[in-house]
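The values are calculated or read from the model by the stated rules, or taken from the named source; none is laboratory data. Please read all numbers here as calculations on a predicted model, not as lab measurements. Here the Cβ is made from the backbone with ideal geometry for all residues, glycine too, and neighbour counts use every protein chain on show. The accessibility values were calculated without ligands, DNA or RNA, using every heavy atom of the protein model including side chains. Shrake-Rupley method; radii C 1.70, N 1.55, O 1.52, S 1.80 Å.
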Amino acid sequence: MTTTASLPLKTLGNSDLKLTPIGFGAWAIGGGNWDFGWGAQDDAESIRAIHQALDEGINWIDTAAIYGLGHSEEIVGKAVKGSTHKPLIFTKCSMRWDKKRSIYRSLKASSVVEELDASLRRLGVETIDLYQVHWPNPDEEIEEGWTELARQQKAGKIRWIGVSNFSVPQMRRAQAIAPITSLQPPYSMLRLAIEQEILPYCQANGIGVINYSPMVSGLLTGRMSAERVAAMPADDWRRKAVEFNEPRLSRNLRLAELLREIGSAHGVEPGVVAVAWTLHHPAISAAIVGGRSGEQVKGLAPALHFRLSEEEFASVGAFLAANPV
């Protein structure tokens, strides 16, 4: 077992939250039967995955109310309650669902309060360490929602407040009301858009960054193949994702083989290399790494320590430059 004390910790933005380099991402453990599900998932295995992550020394978990329509938060709550570890817990608001399981979006103050109270109940905690606006939708309600988050922070239900998937202009609007502790954007070697404007802005303004999908939702783990993608269940959202379909899929699987080659020299999996690639950027505070089983988590745990050399980092850049889609 690795102790958190032996790991490098980074302070997240303007907060007092000190994070291990990777956190446990709880999207997939929400299960299937909803618009952005990953297919069926065994709850007992999900709890084992979380316990494995905590035993490895990971000290934070990122979830959202919408993952599994509340189910992910319930599983996180059960897992943490049954553990001697007390990780930091991050969750999100703005995506809601009705009785027919149809998803809608709201940042109205009353909706934010309802979501927050429901998340506290499902997670079994009195305070959420980081509460994030999941998506800046509806755009015209950003100010109302952010104002309410700042109010709930002062009331003690939230320790720190952050945003996810926001643009620079949207972050400026929020900052005019209350400071942003962190941004959660997608970032990987296949999704580079935030390097141009968003990451420099976060660095200049002291906003922490916890990136999601560093392994592109499992695509760069080295365990994916064209056959496995074709066999994905109908309720797995990745079936429709552009990176999981041609012409990109073949290129991406070749990239995963390059990551395997780099990782094999160090005894680590391709997914660990993919995570390390994102942590190479100085603006990234920590990366969200999902896991659906204890075995998966164990294989990815070396990402807590493993870092790329400049030569290895450059080799990935050379592949991407030579193989555009």
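Values computed for the structure shown
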| item | result |
| --- | --- |
| Gained length - residue 196 relative to residue 250, 0.36 nm times residue gap less alpha-carbon distance | 16.8 nm |
| Residue 9 paired with residue 241, simple spin-label distance in nm, labels 7 Å along Cα-to-beta-carbon | 3.1 nm |
| Size of charge dipole - the chain - debye, nearest 20, with Cβ of Lys, Arg +1 and Asp, Glu -1, no other charges | 340 debye |
| Cut-off 20 Å, label 7 Å out along Cα→Cβ of residue 102, residues of region 131-151 by amide N | 137-139 |
| The chain, helix-only ellipticity at 222 nm - DSSP H runs n ≥ 4, -39,500 (n - 2.57), divided by all residues, nearest 500 | -11500 deg cm²/dmol |
| Extension reserve of the residue 155-residue 18 stretch, reckoned as 0.36 nm per residue once the Cα distance is removed | 47.1 nm |
| Sites residue 228 and residue 322, calculated FRET efficiency, Cβ-Cβ separation with R0 25 Å, nearest 0.05 | 0.45 |
| Volume in Å³ per residue [convex hull over Cα atoms, computed for region 1-54] | 101 Å³ |
| Globularity index of region 19-147, i.e. its alpha-carbon radius of gyration over 2.2 N^0.38 Å | 1.04 |
| Longest exposed-site-free window of the chain, the sites being trypsin sites (Lys or Arg not before Pro) in a DSSP loop that have at most 11 other C-beta atoms within 10 Å | 102-325 |
| Heavy-atom accessible area order for 134, 51, largest first, 1.4 Å probe | 51, 134 |
| Scattering curve values for the chain, log₁₀ I(q)/I(0), Debye with Cα scatterers, q = 0.06 Å⁻¹ | -0.19 |
| Magnitude of the charge dipole, region 94-178, Cβ model with Lys/Arg +1 and Asp/Glu -1, debye to 20 | 220 debye |
| Antiparallel DSSP beta bridges within the chain, as percent of all bridges there, nearest 5 | 20 percent |
| Unit charges at the beta carbon, dipole of the chain: most positive-side option, 288, 51, 230 | 51 |
| Total charge dipole magnitude, region 1-70, about the Cα centre, Cβ charges on Lys, Arg, Asp, Glu only, Debye to nearest 20 | 260 debye |
| For region 144-159 and region 176-211, distance of Cα centres in Å | 21 Å |
| Other-chain or far-sequence residues with amide H under 5 Å of residue 128's (modelled H) | 158, 159 |
| Estimated distance in nm for a label pair at residue 147 and residue 261, the labels positioned 7 Å out from Cα along Cα-to-Cβ | 5.6 nm |
| Charge sum, other residues only, whose C-beta stays under 13 Å from residue 263's C-beta, Lys/Arg counted +1 and Asp/Glu -1 | -1 |
| Using alpha-carbon coordinates, inclination of helix 109-123 to the longest axis of the chain, degrees | 60 degrees |
| Added length on full extension, which subtracts the Cα-Cα distance from 0.36 nm per residue, residue 178 to residue 126 | 16.5 nm |
| Pairwise centroid distance, computed over Cα atoms, of region 250-292 with region 18-50, Å | 19 Å |
| Diffusion coefficient, µm² s⁻¹, Stokes-Einstein with Kirkwood Rh over alpha-carbon pairs of region 189-307 at 37 °C and 0.692 mPa s | 216 µm²/s |
